[in-house]
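Step one of this worksheet: look at the structure below.
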Protein chains: 2
Amino acid sequence: MPKDTLPGLTACNYAMLRRATRKLGQFYDDVQAPSGLKATQQGLLYQIHIGDEPAMGAIAAALVMDLSALGHTLKPLIRDGFVETFADPDDRRIKRVRLTRQGLIKLDEAMKLWQVAQQRFEDVVGKEKAERLRAVLDDISALDFDLPPAA
Amino acid sequence: MPKDTLPGLTACNYAMLRRATRKLGQFYDDVQAPSGLKATQQGLLYQIHIGDEPAMGAIAAALVMDLSALGHTLKPLIRDGFVETFADPDDRRIKRVRLTRQGLIKLDEAMKLWQVAQQRFEDVVGKEKAERLRAVLDDISALDFDLPPAA
DNA sequence: TTGATTTAGTGGCATATACCACTTTCGACG
DNA sequence: CGTCGAAAGTGGTATATGCCACTAAATCAA
């Protein structure tokens, strides 16, 4: 097959997803920069906030994120005093996470900027379209793609 | 506002995008693992392949990726002998990129696995829905979200 | 009760990505 | 010509993420 007729990268669902994620990351991060938080960090703080002192595993599951990745991502937030952890008294394997007072203040600050970015996104893309997009993405995160065993 | 009534993370376009990206990354990477390439690397090799010895800047632009990020990402592929670079003879600032013979062979191998993952995705999500999703994501990557100056 | 199994996290290592400061080259202009 | 600003990459630093091997704690079984 001559190269000229090969399909572009646009045929790959994953590549498109990554590319759009980079794009939005650049945008959201830029808008939220004044808060000092990356958009990823703001999202993580928010996820912790809406939970009830969630366990690390619970957070990781909610975000479809590897547990160890969550641990790594949490480190700068702990270092900067926005988040703290403590062992669950009933099961010492479990480590629970919560925002500090500072973390809550910082989250408030970042959320205001988030709203700006979010609003701008919806203005440019369209409210309906954005809503549908989020719904599809939400679905995908919950689906089971495991290939049936070749047996 | 009581925490219980706060909207979930599902309201954020960027968070949804990231979460779905993690999900698909785990899936595509898993399927493509036997080739030894991550799905991101396969995508990058493909992008280079369909270009005509593209310049780094051209690749970065096509992928909406930071130029320095591309440089970093390329390193393991160069180290492993899949990709090589050379200065453009007409403009020594420009560095062009191409696949090595080995890179081409490896790409072929990875593409076969990619097709499996891609097909599975479309089976689970639906062909039409996947197509619409890719189209929306493609649009987003091309949009301009810059906020008009507050002036 | 005790030994095997499972569950929850940690730490190390590797890739993915971004931003910034810096260097090298070009090209435009006086 | 020189000079100067723009263009293309590089390297450093930092976060984001994943997998694997390992440890500690709880559970299940015999």
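The values are calculated or read from the model by the stated rules, or taken from the named source; none is laboratory data. All figures in this text were calculated on a predicted structure; none of them were measured in a lab. We place every Cβ from the backbone using ideal geometry, glycine too, and count neighbours over all the protein chains shown. Note: accessible area is taken over every heavy atom of the protein model, side chains too, but ligands, DNA and RNA are not part of it. Shrake-Rupley method; radii C 1.70, N 1.55, O 1.52, S 1.80 Å.
Scan the stretch B:83-98 for residues that are within 15 Å of DNA strand C (Cβ to nearest atom) and in contact (Cβ under 8 Å) with a residue 40 or more places away in the chain and the total you get is 3.
Among residues of the stretch A:6-19 that are surrounded by 23 or more Cβ atoms within 10 Å (Cβ to Cβ), those with a beta-carbon under 6 Å from a residue that is at pLDDT below 95 and not charged (D, E, K, R) at least six positions away or on a different chain give the pairs A:A15/A:L9. As a summary of the residue check, B:A33 satisfies the conditions (1) open to solvent by less than 40 Å² (accessible area, probe 1.4 Å); (2) within 14 Å of chain A (Cβ to nearest Cβ); (3) within 13 Å of DNA strand D (Cβ to nearest atom); (4) hydrophobic (A, V, I, L, M, F, W, C) except for the one numbered (1). I'd like the residue in the stretch A:63-96 that is at the interface with another protein chain (Cβ under 10 Å from one of its Cβ atoms) and crowded, with 18+ Cβ neighbours inside 10 Å and, out of all such residues, is nearest to DNA strand D (Cβ to nearest atom). It comes out as A:M65. Answer with yes or no whether A:S68 is small (G, A, S), in contact (Cβ under 8 Å) with a residue 40 or more places away in the chain and over 24 Å from B:V136 (Cβ atoms). Judged against the criteria, A:S68 is not a match. Evaluated against (1) out of contact with any helix residue (DSSP H, G or I) (no Cβ under 6 Å at 6 or more places or on another chain); (2) within 18 Å of A:M16 (Cβ to Cβ), B:R19 falls short on exactly one condition, (1).
With the condition kept exactly as written, say whether any residue in the stretch A:72-90 is at pLDDT 95 or above and under 20 Å from B:A20 (Cβ atoms). Checked against the condition, which is being at pLDDT 95 or above and under 20 Å from B:A20 (Cβ atoms), the stretch A:72-90 yields at least one hit. Report yes if B:R101 is free of Cβ contacts under 8 Å to residues at least 12 places away in the same chain and charged (D, E, K, R), otherwise no. So B:R101 fits the description; yes. The residues in the stretch B:103-151 that are more than 16 Å from the chain's Cα centre (by Cα), open to solvent by less than 40 Å² (accessible area, probe 1.4 Å) and small (G, A, S) can be counted, and the count is 3.
Of all residues in the stretch B:20-32, those satisfying the criterion of being within 12 Å of DNA strand C (Cβ to nearest atom) and free of Cβ contacts under 8 Å to residues at least 60 places away in the same chain are B:T21, B:R22, B:G25, B:D29. Scan the stretch B:44-55 for residues that are open to solvent by 10 Å² or more (accessible area, probe 1.4 Å) and either within 16 Å of B:G103 (Cβ to Cβ) or near DNA strand C (Cβ under 9 Å from one of its atoms) (or both) and jot them down. Listed by number, the residues that qualify are B:Y46, B:Q47, B:H49, B:I50, B:G51, B:D52, B:E53, B:P54.
Among the conditions (1) more than 7 Å from chain B (Cβ to nearest Cβ); (2) more than 20 Å from B:R134 (Cβ to Cβ), the only one that A:Q47 does not satisfy is (1). Just wondering, is there one or more residues in the stretch A:100-123 that are within 30 Å of B:E131 (Cα to Cα), of a type in the set (D, E) and away from DNA strand C (no atom under 16 Å from the Cβ)? Yes.
Hey, B:S35 hits all of (1) touching a Leu at 6+ places or on another chain (Cβ under 9 Å); (2) within 12 Å of DNA strand C (Cβ to nearest atom) but one; which does it fall short on? Only one criterion is unmet by B:S35, namely (2).
When the stretch A:120-151 is filtered for residues that are assigned to a helix (DSSP H, G or I) and more than 10 Å from every other protein chain (Cβ to nearest Cβ), the ones remaining, listed by number, are A:K127, A:E128.
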